[in-house]
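Below is one structure, written out as structure tokens, with a few remarks after it.
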Amino acid sequence: MQAELRASLEHRQSGIRARFDAGAPAGELVAERAAAVDDALRGTWDHLGLDGDTALVAVGGYGRGELHPGSDVDLLVLVGKRRAAALKRRRKDPRIESFVAASWDLGLEVGHAVRSVRQCADEARRDLTVITNLVESRHLVGSRALFEEMREAVAPARMWPAGEFFNAKEREQRERHLRHRDSGYNLEPNVKEGPGGLRDIQTIAWVARRYFGTHEGAMPGLRDLFDHGFLTEEEFRSLRDGQEFLWQARTALHYLAGRREDRLLFDRQIAIAVHFGYRDADHNLGVEQFMKRYYRAIQSLSRLNELLLQLFRERFLDRAGRPSVRRLNRRFQVRGGEIEVVDGDVFRRHPFALLELFLLLQQHSELGGVRGSTIRQVRRHLYLVDEEFRGDLACRSLFLEILREPRGLARALRRMHAYGILGRYLPEFGRITGLMQFDLFHAYTVDEHLLRTVAYLRRFGRPDHRDELPHCSDVFDTLPKPELLHLAGLFHDIAKGRGSDHSEEGERDAAAFCERHGISRFDAGLVGWLVRHHLTMSMTAQREDISDPAVVRRFADLVGDGVRLDYLYLLTVADMRATNPNLWTDWKASLLRDLYQATRRVLLHGVDGRVPAAAELARECRDEARRQLAGTGPATSRLEDLWETLESDYFVLTSPEAVAWHATEVLAADGEPVVAVRTHRKRTEVFFHVRDQDHLFAAATTLLERAGLTVVDARVFTTHTGMSFDSFTVAEPDGVPIDEPRRRDEIRRVLARGLHEPGKAVYPTNRLPRRQVKSFPIPARVLFDDHPANGRTVMEVVCGDRPGVLSRIGWALAGTGASVHGAKIATFGERAEDVFRLTNRAGRPLDAEERENLRAHIARALGPREGE
């Protein structure tokens, strides 16, 4: 009998899989799968002859009649008083144990509990999860009377009344959202538990079932909520369609993984996009098209979840109280601390009130939010936001007032986005809603990134966030018109996904907005310039040697004046912070601050001023370092002797403070090798002064990487006496400097031992890259500058970021005899972009043959390794 039941179940499961592959709706399939399991379990129950003092009950998702391919089958074996007493004596019932074992033999992953009605009530009273499972329980087979007795025992009249249940589920949802960073826009989202996921839909149904189950005697699904008048037809369709899409994605995930899997991991995103027929286009990948649809779906579901839970509270739970009401103006009033329209016809009569609502929220910080009934009115009147609305003077003025209001801008824009207004008023913003970039660098969709950028810009001006980046806050305080910065933040990436240069397209969009809103030509020019050049400062700081006066001069020439510099600096910092929270580091903050300060010094002398010669810059550096050492440092004669062994480029490219530190360490060692480590100004520097020899750079990078450090910058100099004067800026893997003295001592000891004979340094370990990186294979590319600057060849290596990349490049350089004079190390998500300044053994730029030889060595060093 069991073999027949299993064969029948497998046959039905195979048919369901075939129907899914053929495109059948997932909503039909989850119900069919549950029905197939129902039949198999009932057959097993009947075959084993369990008597009438027992009932088999489906709970959890199975209780709702929904089963995905990898979902557990959650069961409650409900026993009567006689069997409960027997179980209390014997602990186990052989026939129940046989049933559970037989259920596993069917190929099902069964989760089960055996309880009496009283035990169900006791557990449900104590545990929210238990009462939630019992709320959606479903009788399968056995004693119907026992099942109804259990339902009556856990009814709201006896425990968890609707209001208490609602508050607990709302609190549970908030905690769940926080576990997922309070955002559904994660790189690898969870389709079930993340914000906007299936659990949010279930939360709506749970609280409504608890309420309507009390008052109507039925346990409604989404369709029933519509019939009860709790959902509008549009809301019902949105919930139904969103649920169907997420069911499709979850079903595909389970089939691909061969088990329960609710995370949309990168490799699964690609496979599911292919399964659903998405294909790569000229300007976006098939996986990006699929994920855009996913993010838009969860955004819509998040909006509905918030709206419906708030409406439920207002309609059913707040009836007992009489919240106070006061007028704000002719169109809006405050009820119970939240804003609402004075009547349901306000937006039709006064369309501009659709924007006025958000301005009033900014101006009245005491308000707790928007009443659910008014949110629903906003959604119903979105059609009013059209070309005529966008051209209306009152609407344009209100939008500019929102941007200029000193309080609540980020929250206002986020609400406008959540309620659908922002994408209607700015169609360019609507087009990038849900748009993602399939990489590890951009952690958020474009719309989420833009809103986060504006939020970070606002934080510069808030006293309660001043301690985050005090220098940025000081600069922000000097801005003549902060709203122009906010506008640039809102537009800087708005043209992504069009297949063209998004900076240039965004500049045109910003210019059109400014013209439409009557912004002066000068201010519009600044906003457009910021959008066009929003990447320039970041790229200059991370990829070029900003200690080189020529680099700073070139950047200053582009910027032109101090006002533009201030705006661009703040936009760059906010943009980088809003791109990926794991990629912003103290090192990047210091790079941008150093470039800002160096550029400001140049601008103070005028961009057309004379560029000081290298000898002059070197003399100024030595004078400042000498001043810092006066009275505390080494004797002047020894100091001058040491400095005479160094070329002028060391002083040009090194800060006076670092020059003073290096000299102190070298002269204190009195001829012995030096390895020193310090953390200063939120950056950790490793300096060593040893006999210059082959493999030194390769050995140093290997030892640093084996110590678990990330190298972000390197400066390599050699004295006339054949000694190295090398410094590396390093950080822990999470980007933070090394503040612990014992950790710095450990690094110093490791380097001192390893650099004694660098040629014997252990070759990098074959550690595997992170799981996510494997989904983004990036072939190594080696690029050379055809116009060597300052007698150096500039080489850029672009490759996938993985353990040991820098040291492998170092050993490839050592194998060809190339000498490293400096390196700039940058990582952008899964992509490493490292820049090196090189010469050959004769101290000259690399010729064509030497470049090709080096290119081949690096390609071999960075090629695939075993296990990848």
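Conditions tested, residue by residue: (1) in contact with a His (Cβ under 8 Å, 6 or more places away or on another chain); (2) closer than 30 Å to R564 by Cβ.
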{"site": "C621", "(1), (2)": "no, yes"}
{"site": "R626", "(1), (2)": "no, no"}
{"site": "L629", "(1), (2)": "no, no"}
{"site": "R638", "(1), (2)": "no, no"}
{"site": "F651", "(1), (2)": "no, no"}
{"site": "V666", "(1), (2)": "yes, no"}
{"site": "V674", "(1), (2)": "yes, no"}
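Take region 185-194 and flag every residue that is open to solvent by 10 Å² or more (accessible area, probe 1.4 Å) and either in contact with a helix residue (DSSP H, G or I) (Cβ under 7 Å, 6 or more places away or on another chain) or assigned to a helix (DSSP H, G or I) (or both). Steps first, please.
Our first condition is that a residue be open to solvent by 10 Å² or more (accessible area, probe 1.4 Å); within region 185-194, this holds for 185-188, 190, 192-193.
Listed by number, the residues that qualify are Y185, E188, K192, E193.
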Checklist line | Single condition G80 does not satisfy, out of (1) closer than 18 Å to L134 by Cβ; (2) of a type outside the set (S, T, N, Q); (3) open to solvent by 10 Å² or more (accessible area, probe 1.4 Å); (4) modelled with pLDDT under 90 | finding: (3)
Notebook entry, point to check: In region 687-745, what residues are open to solvent by 60 Å² or more (accessible area, probe 1.4 Å), of a type in the set (D, E) and within 22 Å of F651 (Cα to Cα)?
Noted result: D692
Next item on the list: Output the qualifying pairs, or none if there are none: Cβ atoms under 8 angstrom, residues six or more apart or on different chains, first residue in region 1-22 and among the aliphatic types (A, V, I, L, M), second residue surrounded by 13 or more Cβ atoms within 10 Å (Cβ to Cβ) and not in a helix (DSSP H, G or I).
Entry: L5/L106; L9/L106
Checklist line | Of all residues making up region 121-148, the number that are more than 41 Å from the chain's Cα centre (by Cα), crowded, with 18+ Cβ neighbours inside 10 Å and part of a helix (DSSP H, G or I) | finding: 3
Item checked: Counted residues, region 16-26 - those being assigned to a helix (DSSP H, G or I), small (G, A, S) and open to solvent by less than 30 Å² (accessible area, probe 1.4 Å) -> 1
Item checked: Sole residue being out of contact with any Leu (no Cβ under 8 Å at 6 or more places or on another chain), free of Cβ contacts under 8 Å to residues at least 60 places away in the same chain and either within 24 Å of R404 (Cβ to Cβ) or in a helix (DSSP H, G or I) (or both), chosen from S473, S503 -> S473
Margin query: Where the second residue is open to solvent by less than 30 Å² (accessible area, probe 1.4 Å) and among the basic types (K, R) and the first is in contact (Cβ under 8 Å) with a residue 60 or more places away in the chain and lies in region 172-185, which pairs have Cβ atoms under 7 Å and are six or more apart or on separate chains?
Written below: none
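I need the strands (runs of 3 or more DSSP E) fully contained in region 651-718, keeping only those with at least 3 residues that are within 20 Å of Q542 (Cβ to Cβ) and in contact (Cβ under 8 Å) with a residue 24 or more places away in the chain. Steps first, answer last, please.
Numbers: elements: 674-680, 683-689, 710-715.
Ranges flagged: 683-689, 710-715.
State whether the residues of region 208-225 include one that is modelled with pLDDT of 85 or more and either among the aliphatic types (A, V, I, L, M) or part of a helix (DSSP H, G or I) (or both).
Within region 208-225 (the criterion being modelled with pLDDT of 85 or more and either among the aliphatic types (A, V, I, L, M) or part of a helix (DSSP H, G or I) (or both)), the answer is no, since none of the residues qualifies.
Can you tell me which residue is nearest to V446 (Cα to Cα) among those in region 487-542 that are polar (S, T, N, Q) and more than 24 Å from the chain's Cα centre (by Cα)? Outline the logic, then answer.
Looking only at region 487-542, we keep the residues that are polar (S, T, N, Q), and these are 500, 503, 520, 536, 538, 540, 542.
Now restrict to residues that are more than 24 Å from the chain's Cα centre (by Cα): 500, 520, 540.
Values: S500: 16, S520: 28, T540: 23 Å.
Ranking the qualifying residues of region 487-542, first place goes to S500.
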Next item on the list: Output the residue which, of all residues in region 835-857 that are surrounded by 18 or more Cβ atoms within 10 Å (Cβ to Cβ) and out of contact with any Ser or Thr (no Cβ under 9 Å at 6 or more places or on another chain), is nearest to F266 (Cα to Cα).
Entry: V835
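So that you can scan it fast, the table gives a plain yes or no per residue for (1) closer than 20 Å to L246 by Cα; (2) open to solvent by 20 Å² or more (accessible area, probe 1.4 Å); (3) modelled with pLDDT under 95:
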position: D282; (1), (2), (3): no, yes, yes
position: V287; (1), (2), (3): yes, no, yes
position: Q299; (1), (2), (3): yes, yes, yes
position: E306; (1), (2), (3): yes, yes, yes
position: L309; (1), (2), (3): no, no, yes
position: R313; (1), (2), (3): no, yes, yes
Note to self: So for region 55-70 (the condition being surrounded by fewer than 17 Cβ atoms within 10 Å (Cβ to Cβ) and at negative phi), does at least one residue qualify?
What the structure shows: no
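State whether the residues of region 203-213 include one that is within 26 Å of the chain's Cα centre (by Cα), open to solvent by 20 Å² or more (accessible area, probe 1.4 Å) and not hydrophobic (A, V, I, L, M, F, W, C).
no
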Next item on the list: Among the residues of region 338-378, write down those that are of a type in the set (G, A, S) and open to solvent by less than 40 Å² (accessible area, probe 1.4 Å).
Entry: A353, G369, G372
Next item on the list: Tell me which residues, restricted to region 417-470, are among the β-branched types (V, I, T) and assigned to a helix (DSSP H, G or I).
Entry: I421, I432, V446, T453, V454
Item checked: Filter pass, Y425 being open to solvent by less than 50 Å² (accessible area, probe 1.4 Å), of a type in the set (F, W, Y) and in contact with a Cys (Cβ under 8 Å, 6 or more places away or on another chain) -> yes
Notebook entry, point to check: Going by the structure shown, is L642 crowded, with 21+ Cβ neighbours inside 10 Å, out of contact with any Cys (no Cβ under 7 Å at 6 or more places or on another chain) and hydrophobic (A, V, I, L, M, F, W, C)?
Noted result: no
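The values are calculated or read from the model by the stated rules, or taken from the named source; none is laboratory data. These numbers come from a predicted model, not from an experiment. Note that each Cβ is placed from the backbone with ideal geometry, even for glycine, and that neighbours are counted across all protein chains shown. SASA here: full protein model, heavy atoms, side chains in, ligands and nucleic acids out. Shrake-Rupley method; radii C 1.70, N 1.55, O 1.52, S 1.80 Å.
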